[in-house]
1. Report, by residue number, each residue of the range 27-38 that is exposed (fewer than 14 other Cβ atoms within 10 Å of the Cβ), part of a loop (DSSP other than H, G, I, E, B) and either at pLDDT 95 or above or among the hydroxyl-bearing types (Ser, Thr, Tyr) (or both).
2. Looking at the range 1-21, which of its residues are touching a residue at least 24 places away in the same chain (Cβ under 8 Å) and of a type outside the set (Gly, Ala, Ser)?
3. Report, ordered by the first and then the second residue, all pairs with beta carbons closer than 8 Å, sequence separation of six or more or different chains, a first member in the range 22-44 that is closer than 13 Å to HIS4 by Cα, and a second member that is among the β-branched types (Val, Ile, Thr).
Amino acid sequence: MSIHRCKRCNYLYIDEEHEVPFEQLGDDYKCPKCRSSLHFFVKKDTPK
């Protein structure tokens, strides 16, 4: 499982909650909360 966080609004994209893994999203993806591009997302470390 991977989690990516939007640096602008802290929205979390959690792979398990979506049909498409974050790494496979197209360049046209926008944060559903603040409309920022993929470049504003950072991978969050997850506990193992």
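The values are calculated or read from the model by the stated rules, or taken from the named source; none is laboratory data. Only a predicted model underlies this, so the values are computations on that prediction, with no experimental measurement involved. Reconstructed Cβ throughout: ideal geometry from the backbone, glycine too, with neighbour counts over all protein chains shown.
1. The answer is ASP28, PRO32, LYS33, CYS34, ARG35.
2. Keep residues of the range 1-21 that are touching a residue at least 24 places away in the same chain (Cβ under 8 Å), which gives 1-9, 12-13.
MET1, ILE3, HIS4, ARG5, CYS6, LYS7, ARG8, CYS9, LEU12, TYR13 - these are the residues of the range 1-21 that are touching a residue at least 24 places away in the same chain (Cβ under 8 Å) and of a type outside the set (Gly, Ala, Ser).
3. Hits for this filter: LYS43/ILE3; LYS44/ILE3.
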